[in-house]
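Please read the structure below before turning to the comments.
The values are calculated or read from the model by the stated rules, or taken from the named source; none is laboratory data. Everything numeric here is computed off the predicted structure, so don't read it as measured data. Glycine gets a Cβ as well: all are built from the backbone with ideal geometry, and neighbour counts include every protein chain shown.
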Amino acid sequence: MQTLDSLLVGLRAAGEHTRLRILALCARGELSVSELVKILGQSQPRVSRHLKVMVEAGLLERLPEGAQVFYRVSDEAMVSRLAQALVALIPASDAGLKRDFSRLQQVRDARAKQAQDYFQTVAESWDSIRSLYVPQRQVEAKLLEIIGTDPVDELLDIGTGTGRILEILAPRVGRGVGIDLSNDMLTVARSNIERGRYSNIHVRKGDMYRLPVEDGSVDLAVLHMVMHYSDYPLEVVREVARVLRGGGRLVVIDFGSHTEEKLRSEYQHHRLGFTDSEILQCFESAGLEYEQDIEQLVGDPLTVKFWQARQRQRLHTLNPALQAHK
């Protein structure tokens, strides 16, 4: 809960020229220390000190990613509103901020080039796999149909890859987070999000077996073409169950059981798809309520399946005084 004191702490932390510039930059997207050093033209130790003050005040969130650390404006409601209000008060004509934003665009262009270079190295593999099943746009359309139009406050996309699932669901969610272990894929996803100018989705480094997410905080989790890379699919589903709110939903999109051995030998797939019983058993063992109706899109030779489950409503502990009367 925010208090008047914590609000004052935030104001004091932002009340310095460089820190206000940092706040304005981070309000436009995630930035690493090295990127902020390039934009601000200041030393790394000095920039790091400013960032430390702002993180301690709750204005910024610190997101470690391998050897780098990214910073973004905090999602905490009051602090986020404070940050946005302060940024909005900065005159658009400020020459210094215009220079910062120009350098920010240079940083984004460099990211986009890095993402493009990496993606070109894997594009042939992706195209080879996609040629074996239905077009991706059909998969996306079916996912949107399954999710429906009910509002989603918190989305978690596990194994986000290029961030495509985040992008297509962004208009339907309050906030979306994509998790991936690959720094290269996070660069691709971050570049795509910036190009689309999405403000309610972001990505961070994380392991599907140890999600960097609080218990019972997610409304919708998606595992899109991820489970076939896992040696322990039940452990993945159990970890997702941990972070789902009561009534929260998990959608698993993956291949039905198949015999395409080259996906194991050439593309590091650990599993050659799944039978319905395998996935539903995972749901049951993780304590999730699954839906019997399973959607599918038949390709040649691979079939894409959509399995769904929900977290049971979590029971709140009764007041001890009430329990005494039972």
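Just for the range 1-15: of the residues that are in contact (Cβ under 8 Å) with a residue 12 or more places away in the chain and not aliphatic (A, V, I, L, M), which one is surrounded by the most Cβ atoms within 10 Å (Cβ to Cβ)?
Checked the range 1-15; the qualifying residue surrounded by the most Cβ atoms within 10 Å (Cβ to Cβ) is GLY10.
Just to be sure I understand, how many residues within the range 259-286 are in a loop (DSSP other than H, G, I, E, B) and either surrounded by 14 or more Cβ atoms within 10 Å (Cβ to Cβ) or of a type in the set (D, E, K, R) (or both)?
9
Could you check the range 296-326 and list, in sequence order, the residues that are surrounded by 13 or more Cβ atoms within 10 Å (Cβ to Cβ), at pLDDT below 95 and under 24 Å from GLU239 (Cα atoms)?
ARG312
Among what's in the range 16-37 and is over 22 Å from ARG204 (Cα atoms) and in contact (Cβ under 8 Å) with a residue 40 or more places away in the chain, pick the residue that is surrounded by the most Cβ atoms within 10 Å (Cβ to Cβ).
Narrowing the range 16-37 to residues over 22 Å from ARG204 (Cα atoms): 16-21.
Among the residues that remain, those that are also in contact (Cβ under 8 Å) with a residue 40 or more places away in the chain are: 20-21.
Working: LEU20: 18, ARG21: 21.
Restricting to residues being over 22 Å from ARG204 (Cα atoms) and in contact (Cβ under 8 Å) with a residue 40 or more places away in the chain, the top hit is ARG21.
Does MET54 satisfy being of a type in the set (A, V, I, L, M), in a helix (DSSP H, G or I) and surrounded by 17 or more Cβ atoms within 10 Å (Cβ to Cβ)?
yes
For the range 38-50, which residues satisfy the criterion of being in contact with a Lys or Arg (Cβ under 9 Å, 6 or more places away or on another chain) and within 21 Å of GLN106 (Cα to Cα)? I'd like the intermediate steps shown before the answer.
Of all residues in the range 38-50, those in contact with a Lys or Arg (Cβ under 9 Å, 6 or more places away or on another chain) come to 38-41, 50.
Selection gives LYS38, ILE39, LEU40, GLY41.
Go through (1) surrounded by 15 or more Cβ atoms within 10 Å (Cβ to Cβ); (2) in a loop (DSSP other than H, G, I, E, B); (3) out of contact with any helix residue (DSSP H, G or I) (no Cβ under 7 Å at 6 or more places or on another chain); (4) not basic (Lys, Arg) for ASP75 and report which single condition fails.
Unmet for ASP75, out of (1) surrounded by 15 or more Cβ atoms within 10 Å (Cβ to Cβ); (2) in a loop (DSSP other than H, G, I, E, B); (3) out of contact with any helix residue (DSSP H, G or I) (no Cβ under 7 Å at 6 or more places or on another chain); (4) not basic (Lys, Arg): (1).
Sort out for me the strands (runs of 3 or more DSSP E) sitting completely within the range 140-258 that have 1 or more residues that are of a type in the set (Gly, Ala, Ser).
Working: elements: 152-158, 173-180, 201-205, 218-224, 244-255.
By residue number, 173-180, 218-224, 244-255.
List the residue pairs whose Cβ atoms are under 6 Å apart, where the first residue sits in the range 60-79 and is over 10 Å from GLU30 (Cβ atoms), the second is of a type in the set (Asp, Glu) and at pLDDT 80 or above, and the two are 6 or more positions apart or on different chains.
That search, which allows pairs on different chains as well, returns SER74/GLU61.
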